[in-house]
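Student: Could you have a look at this structure, given as structure tokens, before my questions?
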Amino acid sequence: MVSGQVSKLIGAAVKRKEDPRLITGEGKYTGDVQLSGMTYMAVLRSPYAHAHIRRIDAARALQQPGVLAVLTGQEVAQHCQRQFRLAGVREGMHTKSRWPMATTVAKYAGEPVAAVLAISSGLAQDALDMIDVEYESLPAVMDLEKAVEEGAPLVHEDLGTNLCVEFSGRAGDPDRAFREADGVVSARLVQPRLIPNPLEPRAVVASYERGTGNMTLWLSTQAPHLERSAVVDVLGFPENKVRVIAVDVGGGFGCKMAQNQHSCHQPPTRMSCSLREPLPLSPLQPDSGRRSAD
């Protein structure tokens with residue numbers, strides 16, 4: 001801007017150009033991506049906040065017509081060159097990286113434990129009910145303050161604590177400030193958890209080209225370059241062979257910027273490579289599954 005020139009945009013009503021396409025139903029979201037020969041994936045999730053996974057029996061699911069494959073967390077981990085790297089880790093922090101799916105222990109309710117691939121989304125969803133998972137329920141931590149009490153159940157036993165990091169700071173002379181103050185007010189301030197809830201959950205369509213070795217991912221994401229880096233890092237793909245396309249995103253509010261084990265693209269990417277078929281993970285299907293617990 002030239003010095004002294006008044007902006008015509010600041011404080012002005014700027015007409016949005018993208019609205020007509022979206023409000024008339026012409027938007028294209030991940031669920032709208034349709035490719036030839038597409039197969040579908042559904043995910044079985046742990047109903048327990050903390051449990052050992054003693055056994056996964058997918059025999060009945062694999063016998064169903066139209067079911068092509070079932071992957072467990074152990075099998076997915078075998079195809080990964082490393083676990084998800086954690087961002088923002090500093091010296092002295094107690095942290096734990098994770099595989100894309102639970103392998104031996106489910107650490108939270110809803111953690112993926114198995115994935116089904118089928119020729120339709122309905123068949124994939126139905127097959128989840130035919131996977132029998134034997135869990136051994138473990139004590140779970142439900143409260144942040146109780147989690148740091150002595151004797152609290154540990155989420156990661158090898159860390160020896162549920163406390164990630166403890167930090168305090170001091171500036172000036174606070175003791176003198178309190179001592180000389182006309183009055184002192186005490187208060188307990190609680191910061192609630194923030195849970196973004198977009199209309200479109202995380203979703204992905206993965207397509208692998210056997211001739212070129214190229215992998216294309218259509219993702220509901222706010223950070224396509226970071227998603228590509230996660231695929232390259234965890235699955236070991238050459239970076240020049242991975243393309244990530246962020247189509248219209250049905251809401252994000254920041255939750256679709258982070259790349260971690262919650263990202264849904266790792267199992268579909270691995271399955272697409274194995275079967276050489278385009279593969280979507282539908283964001284609209286509830287997850288279910290048979291289970292038994294000791």
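Student: For every helix of n ≥ 4 consecutive DSSP H residues, a contribution of -39,500 (n - 2.57) applies; sum these over the chain, divide by its total residues, and give [θ] at 222 nm rounded to the nearest 500 deg cm²/dmol. All intermediate terms of the calculation are to be shown ahead of the outcome.
Tutor: On the way: 8 runs with 56 residues, N = 294.
After summing the helix terms and dividing by residue count, I get -5000 deg cm²/dmol.
Student: Would you please give the residues with an amide H less than 5 Å from that of residue 138, counting only those at least 5 places away or on a separate chain, with H modeled from the backbone geometry?
Tutor: 50, 51, 52
Student: Tell me which label goes with the value of Cα extents along the principal axes in Å computed from the coordinates here: (i) 79, 66, 35; (ii) 53, 51, 45; (iii) 79, 39, 34.
Tutor: (i)
Student: Kindly provide the chymotrypsin sites (Phe, Trp or Tyr not before Pro) of segment 140-220 that DSSP labels as loop, not H, G, I, E or B, and whose Cβ sees at most 14 other Cβ atoms within 10 Å.
Tutor: On the way: sites: 167, 178, 208, 218; in loops: 167.
Answer by residue number: 167.
Student: In the chain, what % of DSSP beta bridges are antiparallel (nearest 5)? Don't jump to the answer; show the numbers that get you there.
Tutor: On the way: 28 of 38 bridges.
DSSP beta bridges in the chain are roughly 75 percent antiparallel.
Student: Further question: Order of 120, 207, 7 from fewest to most other C-beta atoms within 10 Å? Before the final figure, lay out each step's value.
Tutor: Working: 120 12, 207 23, 7 8.
So the residues, fewest neighbours to most, are 7, 120, 207.
Student: Which ordering of 253, 237 is given by a fewest-first count of other beta-carbon atoms within 10 Å? Walk me through the numbers on the way to the answer.
Tutor: Values: 253 12, 237 19.
In increasing order of surrounding Cβ atoms, one gets 253, 237.
Student: From the backbone phi of segment 203-208, what are the Karplus-calculated ³J(HN,Hα) couplings (6.51 cos²θ - 1.76 cosθ + 1.60, θ = phi - 60°) in whole Hz, Gly and Pro given as x?
Tutor: 8, 8, 10, 10, 9, 10
Student: Here's a follow-up. How high is the FRET efficiency between residue 83 and residue 225 when r is their beta carbon distance and R₀ equals 30 Å, given to the nearest 0.05? Spell out each step's value before the answer.
Tutor: Details: r = 21 Å, r/R0 = 0.69.
For R0 = 30 Å, the calculated efficiency reads 0.90.
Student: So for the pair residue 97, residue 22, with labels modelled 7 Å out along Cα→Cβ, what separation do we get in nm?
Tutor: 3.6 nm
Student: If neighbour count is taken as other Cβ atoms inside 10 Å, put 190, 43 in order from fewest to most.
Tutor: Numbers: 190 6, 43 25.
If I rank by nearby Cβ atoms, fewest first, I get 190, 43.
Student: Between the alpha-carbon centers of segment 208-250 and segment 115-136, tell me the distance in whole angstrom.
Tutor: If you average the Cα positions of each part, the centres end up 26 Å apart.
Student: In percent, how large is the relative contact order of the chain, given Cα pairs closer than 8 Å and 6 or more residues apart? Don't jump to the answer; show the numbers that get you there.
Tutor: Numbers: 533 pairs, mean separation 78.8, N = 294.
Reported relative contact order: 27 percent.
No lab work stands behind these numbers, since they all come straight from the coordinates. In this text the structure is predicted, and so the values were computed from the model without any measurement. Positions of Cβ are backbone-derived with ideal geometry, glycine not excepted, and every protein chain shown enters the neighbour counts.
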